[in-house]
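The values are calculated or read from the model by the stated rules, or taken from the named source; none is laboratory data. These figures come from a predicted structure and were not determined experimentally. Don't worry about glycine lacking a Cβ; one is built from the backbone with ideal geometry, like all the others, and counts go over all protein chains shown. When the accessible area is computed, the model is the full protein with side chains, heavy atoms only, and any ligands, DNA or RNA have been set aside. Shrake-Rupley method; radii C 1.70, N 1.55, O 1.52, S 1.80 Å.
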Amino acid sequence: MGSGPDRAGDRHARRRWRIVVGAALVIGCSWLAANAAFAQELRVQVSRGPYYVGDPVEIHVVASGFESEPQPEIEAGEIAGARLRYAGVSDSSSTSISIVNGRMSRVTEVSFVYRYELVARRAGRVEIPPFRVRQEATERTTRPLALTIERIPTTGLASLSVGLPKGPIFVGQKIPVTVELRIDREAQRDLVSYRAEVPLFDLPTLSFLDEPLPDANTQLELETAVGTLRLPAVSQEETVGGRRILVLRAKRTLIALAAEEIRAEAPRVLIERGTRFRRDLFNQRQPVASERLLAEGEPVLLEVAEVPRQGRPESFAGAVGEGFSLEVSADRSVVQLGEPILLTFRLRGNGDLSSAGLPRLDAEGLFDPDHFRLPAEPPPGLMDEDGKLFEASLRVVDADVREIPALAYSWFDAGTRRFETTYSRPIALSVGAAEIIGADDVTSRPSDPATAAGTSEGAPTEAGSTPAQTTVRATSFERSGASLAIDRDADRVLRGGPSGSGDRVGIAAL
């Protein structure tokens, strides 16, 4: 056995060792806890069932442990037989503080909650593909989910229909669409809420225009992929088969963007109807029990065709409709040869002006390129309340030109299925021939004594030579090919050409 001092030293050594190991364990646990707190995690939360056809299901994707900046991006796959609508994102942060052996550690966790709304269009099993969240080089993915969707009883107490003309229709043609919601007076009395959906309005190959309805007295609410659409509507009661029915009618204008068949699922309306009621303090009926009922219309099938190429005039530039007109004005009517003329084109008509443009300005029925210098491409247009506006600058290169000619503009009439053409009014022009000095237009001839006397004294001359007088011969813009145009681009004028002594000499000579 060792002596007392040796045993005391061993005890001190073991004690120090335990302190060191304990501190290491504490630090290691703290490090693991901090890293666990900052580990990126992704989970999906679904509202409690049961789930029904046409009834929205809330889905939240919670991303925690990510950095606060930049906001992580989320991707969601397509779901067969259902519509998934993104409803927004919110973020929150929480901070935890721990003190171990006098050392304080602070951990901040940031969470992002992405909100979605799922609406199933048919009963059965719906597969929800994984959600993917990415923040710079970090990416996390959820597991796929599956929901069981139950069927809702159908009813004849309500209906939702979409009215369209018979096809085919043409790309760019304005097509009136009527949406009609009907609710039986019996169901209206006990109606708690309704949710209507028209899948046609979510197709990416279509665009829609909404104009004020003069006699609108209410709104028709429709759920779409981008949120609730509130259309001005007319509400009135009608009698059908001896029953009183409330009818809500709204209108939209459809424009097909591509020549492909339009297929859309049937419009549907889900109504919630009270089955038991109680009276509140103000003697108003309050539902204490309700039932859900579903009504579906007819699927939409419509053929979309391209504007015929056979017989298409050169002055056609995508306008489809009827009653088009083209008004042309000029910023000046008296010009010198080569000066720019700014033309303004005002296009009006009953059609989709957003897809209508100007044809090439040298097309048949427009400008003769032998008489005008024209832009290489048609100018872009700008929509306003009075139609579509275009501007183009051109120059007269022939002194015999006396007018801006009447310009042809063609469109396709979808009703008669023929091309029609209108003409603008001509604009009178007064063109003056610009006089310029060319290098080959300067000659010399012997001067007369009077002219010679007027020369500077002491001017050196070669022996035996006669002082010469410069004669300038005028030439026209047509012969020289020079441009006297005024450049309207201020940036180009201020920027100037390449710098150099040659340019400065040329400018001084001019």
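Please go through segment 349-385 and pick out each residue that is touching a Leu at 6+ places or on another chain (Cβ under 8 Å), of a type in the set (D, E, K, R) and either part of a loop (DSSP other than H, G, I, E, B) or within 18 Å of Tyr423 (Cβ to Cβ) (or both). Within segment 349-385, Arg360, Asp362 qualify. Would you confirm whether or not segment 326-347 contains a residue that is out of contact with any helix residue (DSSP H, G or I) (no Cβ under 6 Å at 6 or more places or on another chain), among the basic types (Lys, Arg), open to solvent by 40 Å² or more (accessible area, probe 1.4 Å) and without any contact (Cβ under 8 Å) to a residue 24 or more places away in the chain? For segment 326-347, residues out of contact with any helix residue (DSSP H, G or I) (no Cβ under 6 Å at 6 or more places or on another chain), among the basic types (Lys, Arg), open to solvent by 40 Å² or more (accessible area, probe 1.4 Å) and without any contact (Cβ under 8 Å) to a residue 24 or more places away in the chain: present.
Loosely packed, with under 13 Cβ neighbours inside 10 Å and of a type in the set (A, V, I, L, M), is that true of Ala376?
On the way: loosely packed, with under 13 Cβ neighbours inside 10 Å: yes; of a type in the set (A, V, I, L, M): yes.
Criteria met by Ala376.
Within segment 67-79, can one find any residue that is polar (S, T, N, Q), open to solvent by less than 90 Å² (accessible area, probe 1.4 Å) and at pLDDT 85 or above?
Residues of segment 67-79 that are polar (S, T, N, Q), as a first pass: 68, 71.
Still in the running and open to solvent by less than 90 Å² (accessible area, probe 1.4 Å): 68.
So of that shortlist, the ones also at pLDDT 85 or above come out as none.
No, because not a single residue in segment 67-79 is polar (S, T, N, Q), open to solvent by less than 90 Å² (accessible area, probe 1.4 Å) and at pLDDT 85 or above.
Considering the conditions (1) open to solvent by 40 Å² or more (accessible area, probe 1.4 Å); (2) farther than 30 Å from Gly318 by Cα; (3) touching a Gly at 6+ places or on another chain (Cβ under 9 Å), Lys174 is excluded by exactly one of them, (2). Of all residues in segment 282-315, those satisfying the criterion of being among the charged types (D, E, K, R) and in a loop (DSSP other than H, G, I, E, B) are Glu298, Glu303, Glu306, Arg309, Arg312, Glu314.
Would you mind stating whether Arg106 is exposed (fewer than 12 other Cβ atoms within 10 Å of the Cβ), farther than 27 Å from Leu293 by Cα and modelled with pLDDT of 90 or more?
On the way: exposed (fewer than 12 other Cβ atoms within 10 Å of the Cβ): yes; farther than 27 Å from Leu293 by Cα: yes; modelled with pLDDT of 90 or more: no.
In short, no.
Candidates in segment 118-137 are the residues that are open to solvent by 40 Å² or more (accessible area, probe 1.4 Å) and over 29 Å from the mean Cα position of the chain (by Cα); of these, the one that is farthest from Ser47 (Cα to Cα) is Ala137. Kindly indicate the residue of segment 404-436 that is among the charged types (D, E, K, R) and touching a Ser or Thr at 6+ places or on another chain (Cβ under 9 Å) and also least open to solvent (accessible area, probe 1.4 Å) among those meeting that condition. In this case the residue turns out to be Glu420. Out of the residues in segment 138-166 that are open to solvent by 40 Å² or more (accessible area, probe 1.4 Å) and of a type in the set (Gly, Ala, Ser), state the one that is farthest from Glu322 (Cα to Cα). Looking at the filtered set, the residue picked out is Ala146. In segment 278-301, the residues that are without any contact (Cβ under 8 Å) to a residue 40 or more places away in the chain reach residues that are loosely packed, with under 12 Cβ neighbours inside 10 Å and acidic (Asp, Glu) with C-beta atoms within less than 9 angstrom, at least six apart or across chains, in these pairs: Gln286/Asp280.
Tell me the residue from Val234, Val179 that is part of a strand (DSSP E or B) and either in contact (Cβ under 8 Å) with a residue 60 or more places away in the chain or closer than 25 Å to Arg285 by Cβ (or both), please. Before the answer, list the steps.
Numbers: Val234 fails: either in contact (Cβ under 8 Å) with a residue 60 or more places away in the chain or closer than 25 Å to Arg285 by Cβ (or both).
Only one candidate passes the filter, namely Val179.
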